[in-house]
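Undergrad: This is the structure, below, for whatever I ask next.
The values are calculated or read from the model by the stated rules, or taken from the named source; none is laboratory data. What you see is a predicted model, and the numbers here were worked out from it, not measured in a lab. Note that each Cβ is placed from the backbone with ideal geometry, even for glycine, and that neighbours are counted across all protein chains shown.
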Amino acid sequence: MSGGHNEDLFARARRAMPGGVSSPVRAYGSVGGTPRFLESAHGAYVVDADGREYVDLIASWGPAILGHAHPEVIEAVTDAAARGLSFGASTPAETLLAEEISGRVAAVERVRFVSTGTEATMTAVRLARGVTGRDLIVKFSGHYHGHSDGLLAQAGSGVATLALPGSAGVPEAIAAQTIVVPYNDPAAIAEVFARHPGRIAAVIVEAAAANMGVVAPEPGFNALLAQTCHDNGALLILDEVLTGFRVGPAGYWGVQQQTGETYAPDLFTYGKVIGGGLPVAAVAGRAEVMDLLAPVGPVYQAGTLSGNPVAVAAGLATLRRADAAVYAALDATSAALQAEVGAALEREGVPHVIQTAGNLFSVFWGAPVAGGVPDYETATRQESFRYAAFFHEMLAQGVSLPPSAFEAWFVTASHDADALSRIAAALPAAARAAASA
Ligand code: PMP
């Protein structure tokens, strides 16, 4: 399939920007071919530089739960923009957004806004170190928490896609403060705390892992982390940048509370949905911990564009619109899509497993993983080449999937019967391509 204008645009972009992109996975490195350069988006669809429309299953990597360019969000943003783009001062809407978040998540009393998920987790880690007076951070292999120095070790998302152990440019002394352990492994957690008594400031975990494909925590695992942290004077940072307000009105933590898995993280990180497609992210938690942030406490954090009024307007409009009906639509669409994909792959005999965490899901490819994927080591054994073949056939038929087998698939509340039937029509040929890859 020719990329048309996309090829010229990519060639030109590569002369102007490293790899032609502002974020690595967009370069299609692991699936090959020419990235589509997008000109616009509406509802469940994106439109490329050739004027070609695709059903979108990336949803800006999560934020667009309502669908692209939702009229209420666009109106809120347009109104806010007309009143000025940035003041570098407090605004009434910021407090409303903080209240919307704490109103949904009972364990949140205070919210500090930043602009990216990377800043949110970086701030949470600094806060945990400030609270405990300790340096060590524990993270899980295959979990992605943004690109701050200390959190890139054995990370998911683009780091997994490019099969990197971490990143060049991270000082050894900083990397040494991060201990990486396998996910869903209670013994590894007990062992790491036993090995470093009184030295671990925090465990940071994705509420449900979704940056190595989707790998939900085993029942009781997040609660065990909270308990172990609290028994040892450490904090649990629950990273809900991807899951927060997408998998349910109170994030994955809320989903777990509803199923009777109660535990109290000390800090939450949010992003994506709370900005509705503009740059808003946050660290949030109990007042007692959060009030250690400047100007109340000694842990410094700041941002010229933090709480930006246009971005906050997008987030507030999105969250206010995201009612029970929106979550029901996301759940139903995700379930329908999983069934269609599963059936198409079965028909062609493609070994696979579809894993979910609430309405998030992804497909792992090939016999080595078909029994289920509990951790990163297992995820890396999947046959990514089958996904590359599947991805390109879907793209050729007008369905845009994440350009990596290590990412979740994202639906929106705008994916209606028409969008789903376009996807269903593309699946048989894509499944055949995966089978013969
Ligand atoms: N944490 C998680 C769980 C994420 O999925 C991401 C981004 N996908 C981040 C942090 C980093 O967010 P950002 O890309 O906004 O820096």
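Undergrad: Could you tell me which residue of the stretch 258-284 is surrounded by the fewest Cβ atoms within 10 Å (Cβ to Cβ), considering only residues that are small (Gly, Ala, Ser) and within 16 Å of the ligand (Cβ to nearest atom)?
TA: Here is the first cut: in the stretch 258-284, the ones small (Gly, Ala, Ser) are 260, 264, 271, 275-277, 281-282, 284.
Among the residues that remain, those that are also within 16 Å of the ligand (Cβ to nearest atom) are: 271, 275-277, 281-282, 284.
Values: GLY271: 28, GLY275: 27, GLY276: 30, GLY277: 25, ALA281: 27, ALA282: 31, ALA284: 28.
Across the stretch 258-284, the extreme among qualifying residues is GLY277.
Undergrad: Sticking with this structure for a sec: Can you tell me how many residues in the stretch 77-123 are without any contact (Cβ under 8 Å) to a residue 12 or more places away in the chain and part of a helix (DSSP H, G or I)? Break it down into steps so the answer makes sense when it comes.
TA: Just the residues of the stretch 77-123 that are without any contact (Cβ under 8 Å) to a residue 12 or more places away in the chain, to begin with: 78, 82, 89, 92, 95, 99, 103.
With part of a helix (DSSP H, G or I) added as a condition, the list becomes 78, 82, 92, 95, 99, 103.
Adding up the residues that qualify gives 6.
Here is a yes/no grid of residues against (1) closer than 26 Å to LEU401 by Cβ; (2) within 23 Å of the chain's Cα centre (by Cα):
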position	(1), (2)
ASP48	yes, no
GLY51	yes, no
TYR54	yes, yes
LEU57	yes, yes
GLY67	yes, yes
GLU75	no, no
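Undergrad: Another question, then. In the stretch 206-226, what count of residues is obtained for those that are within 23 Å of GLY130 (Cβ to Cβ) and surrounded by fewer than 23 Cβ atoms within 10 Å (Cβ to Cβ)?
TA: 1
Undergrad: Looking at GLU75, GLU39, which is the one that is assigned by TED's automatic domain parsing to the domain that holds SER421 and surrounded by fewer than 16 Cβ atoms within 10 Å (Cβ to Cβ)?
TA: GLU39
Undergrad: Look through the stretch 163-190, keep the residues that are in contact with an Asp or Glu (Cβ under 6 Å, 6 or more places away or on another chain) and aliphatic (A, V, I, L, M), and return whichever of them is farthest from the ligand (Cβ to nearest atom). Explain how you work it out, then say what you get.
TA: First, the residues of the stretch 163-190 that are in contact with an Asp or Glu (Cβ under 6 Å, 6 or more places away or on another chain): 170, 174, 177, 182-184.
Keeping just the survivors that are aliphatic (A, V, I, L, M) gives 170, 174.
Values: VAL170: 16, ILE174: 18 Å.
Here the residue is ILE174.
Undergrad: Then there is this: Residues in the stretch 206-229 that are assigned to a strand (DSSP E or B) and either modelled with pLDDT under 95 or in contact with a helix residue (DSSP H, G or I) (Cβ under 6 Å, 6 or more places away or on another chain) (or both): how many?
TA: Our first condition is that a residue be assigned to a strand (DSSP E or B); within the stretch 206-229, this holds for 206, 209, 215.
Filter once more, so that each one left must be either modelled with pLDDT under 95 or in contact with a helix residue (DSSP H, G or I) (Cβ under 6 Å, 6 or more places away or on another chain) (or both): none.
Selection size over the stretch 206-229: 0.
Undergrad: Determine whether SER30 is outside any strand (DSSP E or B), out of contact with any helix residue (DSSP H, G or I) (no Cβ under 7 Å at 6 or more places or on another chain) and either within 16 Å of the ligand (Cβ to nearest atom) or farther than 29 Å from TYR327 by Cα (or both). Explain how you work it out, then say what you get.
TA: Details: outside any strand (DSSP E or B): yes; out of contact with any helix residue (DSSP H, G or I) (no Cβ under 7 Å at 6 or more places or on another chain): no; either within 16 Å of the ligand (Cβ to nearest atom) or farther than 29 Å from TYR327 by Cα (or both): yes.
No.
Undergrad: Okay, moving on. From the list LEU242, LEU236, which one is free of Cβ contacts under 8 Å to residues at least 40 places away in the same chain, within 15 Å of the ligand (Cβ to nearest atom) and of a type in the set (A, V, I, L, M)?
TA: Values: LEU242 fails: free of Cβ contacts under 8 Å to residues at least 40 places away in the same chain.
So the residue among LEU242, LEU236 that is free of Cβ contacts under 8 Å to residues at least 40 places away in the same chain, within 15 Å of the ligand (Cβ to nearest atom) and of a type in the set (A, V, I, L, M) is LEU236.
Undergrad: Would you confirm whether or not the stretch 172-188 contains a residue that is more than 25 Å from ASN232 (Cα to Cα) and either part of a helix (DSSP H, G or I) or touching a helix residue (DSSP H, G or I) at 6+ places or on another chain (Cβ under 8 Å) (or both)? Lay out the reasoning, then the answer.
TA: Here is the first cut: in the stretch 172-188, the residues more than 25 Å from ASN232 (Cα to Cα) are 172.
Filter once more, so that each one left must be either part of a helix (DSSP H, G or I) or touching a helix residue (DSSP H, G or I) at 6+ places or on another chain (Cβ under 8 Å) (or both): 172.
Yes: one or more hits.
Undergrad: Of everything in the stretch 127-149, what is touching a strand residue (DSSP E or B) at 6+ places or on another chain (Cβ under 6 Å) and away from the ligand (no atom under 13 Å from the Cβ)? Give them in sequence order.
TA: The answer is LEU127, ALA128, ARG129, GLY130, THR132, ARG134, LEU136, ILE137, VAL138, SER141.
Undergrad: So, one more: Given the options ALA107, ALA155, ALA160, name the one that is closer than 28 Å to PHE361 by Cα, away from the ligand (no atom under 12 Å from the Cβ) and surrounded by 18 or more Cβ atoms within 10 Å (Cβ to Cβ).
TA: Values: ALA155 fails: away from the ligand (no atom under 12 Å from the Cβ); ALA160 fails: away from the ligand (no atom under 12 Å from the Cβ).
Going through ALA107, ALA155, ALA160 in turn, just one is closer than 28 Å to PHE361 by Cα, away from the ligand (no atom under 12 Å from the Cβ) and surrounded by 18 or more Cβ atoms within 10 Å (Cβ to Cβ): ALA107.
Undergrad: Hey, another quick one. For the subset of the stretch 1-26 comprising residues that are within 16 Å of the ligand (Cβ to nearest atom) and assigned to a helix (DSSP H, G or I), which member is nearest to the chain's Cα centre (by Cα)?
TA: Of the residues in the stretch 1-26, the ones within 16 Å of the ligand (Cβ to nearest atom) are 21-26.
With the extra rule that they be assigned to a helix (DSSP H, G or I), the set shrinks to 24-26.
On the way: PRO24: 15, VAL25: 13, ARG26: 15 Å.
Filtering the stretch 1-26 for residues that are within 16 Å of the ligand (Cβ to nearest atom) and assigned to a helix (DSSP H, G or I), the one nearest to the chain's Cα centre (by Cα) comes out as VAL25.
Undergrad: Can you say whether THR378 is surrounded by fewer than 23 Cβ atoms within 10 Å (Cβ to Cβ) and assigned to a helix (DSSP H, G or I), as far as the supplied structure shows?
TA: Considered against the rule, which asks whether it is surrounded by fewer than 23 Cβ atoms within 10 Å (Cβ to Cβ) and assigned to a helix (DSSP H, G or I), THR378 comes out as yes.
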